[in-house]
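Trainee: Here it is, the structure, as structure tokens.
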């Protein structure tokens, strides 16, 4: 089974200082057909106005990943972490038994653009934890780079769930391929640009889902001058 989640069909919340598009049901947006995909629960594309952000609030029993596209985000939490997340960086926060945090656009001039991703953990009651790594200087051109995984292999951040998250930038009319083992699920999120998978064309903000397949090799073809994608290979 394959399914396309077009960007324009996502839920939306516009508060003036925040314009957020919801791939899956979130907040006041409810769509029974889009409650999540496998352990993926949230993919929000957030645009935050200069000098604004999310005041201190709480989370529990969730793996939360932030991926900054442009701008710089300041993070502060109840486990003592204070950091700035810049473009190309992955932030992973294990909410576990409970954590409170805030997120702000550090710039008084430029907007902040980032993806907030929630993944259901393998078990509840984990100890809250934080991890951050930059992939900005790692060559992602025309290759899939592992950025997050269950075992933290190859320098990736650790997710407490059977999910491999890959980053890739495509340039110069090339393609990248990824083998998907039987029984695994795949979600591809287009961050920027245009791509094609077979005869399916995807643009910025679009999502592409695959499941219930036998062994499959997924090939992503670039369709614009440059494109950027996130690929989730995960347990059912």
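The values are calculated or read from the model by the stated rules, or taken from the named source; none is laboratory data. Keep in mind it's a predicted model, so treat the numbers as computed, not measured. We place every Cβ from the backbone using ideal geometry, glycine too, and count neighbours over all the protein chains shown.
Trainee: Residue under question is residue 130, and the condition is that it be buried (at least 17 other Cβ atoms within 10 Å of the Cβ), in contact with a strand residue (DSSP E or B) (Cβ under 9 Å, 6 or more places away or on another chain) and in the same structural domain as residue 72 (by TED's automatic domain parsing); does it hold?
Mentor: Judged against the criteria, residue 130 is a match.
Trainee: Going by the conditions given, is residue 171 more than 19 Å from residue 1 (Cα to Cα) and touching a strand residue (DSSP E or B) at 6+ places or on another chain (Cβ under 9 Å)?
Mentor: It is true that residue 171 is more than 19 Å from residue 1 (Cα to Cα) and touching a strand residue (DSSP E or B) at 6+ places or on another chain (Cβ under 9 Å).
Trainee: Contact list please: Cβ distance under 6 Å, first residue in region 19-35 and under 22 Å from residue 105 (Cβ atoms), second residue modelled with pLDDT of 95 or more and in a loop (DSSP other than H, G, I, E, B), pairs at least six apart or on different chains.
Mentor: Pairs that qualify, where the first residue is under 22 Å from residue 105 (Cβ atoms) and the partner is modelled with pLDDT of 95 or more and in a loop (DSSP other than H, G, I, E, B), are 21/10; 22/10; 23/10.
Trainee: If you check 190, 229, which single one turns out to be buried (at least 18 other Cβ atoms within 10 Å of the Cβ) and touching a helix residue (DSSP H, G or I) at 6+ places or on another chain (Cβ under 9 Å)?
Mentor: The unique qualifying residue is 190.
Trainee: Every residue in region 168-199 that is touching a residue at least 24 places away in the same chain (Cβ under 8 Å) and more than 14 Å from residue 227 (Cβ to Cβ), please.
Mentor: 177, 178, 179, 180, 181, 182, 183, 184, 185, 186, 187
Trainee: For the structure I just gave you, tell me whether residue 100 is without any contact (Cβ under 8 Å) to a residue 24 or more places away in the chain and either outside the structural domain of residue 52 (by TED's automatic domain parsing) or on the phi < 0 side of the Ramachandran plot (or both).
Mentor: Judged against the criteria, residue 100 is not a match.
Trainee: Please verify whether residue 93 is closer than 24 Å to residue 229 by Cα, in contact (Cβ under 8 Å) with a residue 40 or more places away in the chain and either in the same structural domain as residue 228 (by TED's automatic domain parsing) or touching a strand residue (DSSP E or B) at 6+ places or on another chain (Cβ under 8 Å) (or both), treating the condition exactly as stated.
Mentor: In short, no.
Trainee: Considering only residues that are in a loop (DSSP other than H, G, I, E, B), in contact with a strand residue (DSSP E or B) (Cβ under 7 Å, 6 or more places away or on another chain) and over 18 Å from residue 69 (Cβ atoms), which ones fall in region 191-234?
Mentor: 211, 213, 223
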